[in-house]
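Here's the structure we're looking at; comments come further down.
The values are calculated or read from the model by the stated rules, or taken from the named source; none is laboratory data. Note that the structure is predicted; figures quoted are calculated from it, not measured. So basically every Cβ, Gly included, is an ideal-geometry build from the backbone, and we count neighbours across all protein chains shown. Calculation scope for accessible area: heavy atoms of the full protein, side chains included, ligands and nucleic acids excluded. Shrake-Rupley method; radii C 1.70, N 1.55, O 1.52, S 1.80 Å.
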Amino acid sequence: LPEYAFIGRSNVGKSSLINMLTDRKSLAKTSGRPGKTQLINHFIINDNWFLVDLPGYGYARVSKTSKKAFQKFITNYFEQRQQLVSAFVLIDIRHKPQPVDLDFMQYLGEREIPFSIIFTKADKLKPKAIERHVGDYCNQLLQFWEELPPYFVTSSSKKIGQEEVLGFISETNEEIEGLRNN
Ligand code: GDP
């Protein structure tokens, strides 16, 4: 099955987003506490794709050694990904572009791993501010890349962006299916 990986800094709203996308409150447990999602979780959605819930990166308060171990864990996943179609990098829309996120996207890009950006918690900003923050991000990315990745503005608490993300996934799945049959 085609696989889509969800990743972002701890507390970015990943569990909430996964719950929104899957419509099952109990599926991924949310927490107000950073670092709750520790291991890789797989969920089969509609019998036709895998949602991979990767642990959060960029904890502020962990030792260098555990940061290293952690990076290894994540890079192992990306190096062994057989079915991975695309990664979704989650970004809290309230924050200015952060080096840890930009570095991670750089890492994906260098390995030619397709990714999209999901901006989270859009309900926390006014439309003008959303536009500005997304624009800042795009400008940062365009310093490294010629093209922008697909991106989605979402809010799990207001159910914004659910259809767009799921639509993107099913379109991509159809494309893959089409390529397979040709
Ligand atoms: P994770 O650590 O990335 O899995 O993040 P969680 O989904 O556990 O969310 C972290 C915190 O952000 C929790 O307090 C959530 O209630 C809050 N949160 C998550 N998504 C949203 C959102 O769309 N809007 C708002 N206002 N808060 C959110």
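Scan 65, 120 and give me the residue that is modelled with pLDDT of 95 or more and of a type in the set (Val, Ile, Thr).
Just one listed residue meets the conditions, 120.
How about the range 127-167: which of its residues are within 14 Å of the ligand (Cβ to nearest atom) and not in a helix (DSSP H, G or I)?
Listed by number, the residues that qualify are 152, 153, 154, 155, 156, 157, 158, 159, 160, 161.
Could you list, in sequence order, all residues of the range 13-26 that are within 12 Å of the ligand (Cβ to nearest atom), over 11 Å from residue 53 (Cβ atoms) and either small (Gly, Ala, Ser) or at pLDDT 95 or above (or both)?
Within the range 13-26, 13, 16 meet the criteria.
Mind listing just one residue for me: the one in the range 27-62 that is aliphatic (A, V, I, L, M) and at pLDDT below 60 and, of those, surrounded by the fewest Cβ atoms within 10 Å (Cβ to Cβ)?
60
Only one of these conditions is not met by residue 182: (1) open to solvent by 50 Å² or more (accessible area, probe 1.4 Å); (2) touching a residue at least 12 places away in the same chain (Cβ under 8 Å). Which number is it?
For residue 182, the failing item is (2).
Contact list please: Cβ distance under 8 Å, first residue in the range 1-24 and more than 16 Å from residue 78 (Cβ to Cβ), second residue polar (S, T, N, Q) and more than 12 Å from the ligand (Cβ to nearest atom), pairs at least six apart or on different chains.
Listed by first residue and then by second, the contacts come to 1/48; 1/83; 9/98.
Only one of 84, 108 is away from the ligand (no atom under 16 Å from the Cβ), open to solvent by 10 Å² or more (accessible area, probe 1.4 Å), aliphatic (A, V, I, L, M) and touching a Phe, Trp or Tyr at 6+ places or on another chain (Cβ under 9 Å); which?
Being away from the ligand (no atom under 16 Å from the Cβ), open to solvent by 10 Å² or more (accessible area, probe 1.4 Å), aliphatic (A, V, I, L, M) and touching a Phe, Trp or Tyr at 6+ places or on another chain (Cβ under 9 Å) holds for just one of 84, 108, which is 84.
Among the residues of the range 96-105, is there at least one that is more than 16 Å from the ligand (Cβ to nearest atom) and crowded, with 19+ Cβ neighbours inside 10 Å?
Scanning the range 96-105, I find at least one residue that is more than 16 Å from the ligand (Cβ to nearest atom) and crowded, with 19+ Cβ neighbours inside 10 Å, so the answer is yes.
Of everything in the range 141-159, what is of a type outside the set (Ser, Thr, Tyr) and buried (at least 17 other Cβ atoms within 10 Å of the Cβ)? Give them in sequence order.
Matches in the range 141-159: 141, 149, 152, 153.
Condition test on residue 116, is it within 16 Å of the ligand (Cβ to nearest atom) and either closer than 28 Å to residue 45 by Cα or not β-branched (Val, Ile, Thr) (or both)?
Criteria not met by residue 116.
With the condition kept exactly as written, say whether any residue in the range 79-100 is modelled with pLDDT of 95 or more, among the charged types (D, E, K, R) and under 16 Å from residue 14 (Cβ atoms).
There is at least one residue in the range 79-100 that is modelled with pLDDT of 95 or more, among the charged types (D, E, K, R) and under 16 Å from residue 14 (Cβ atoms).
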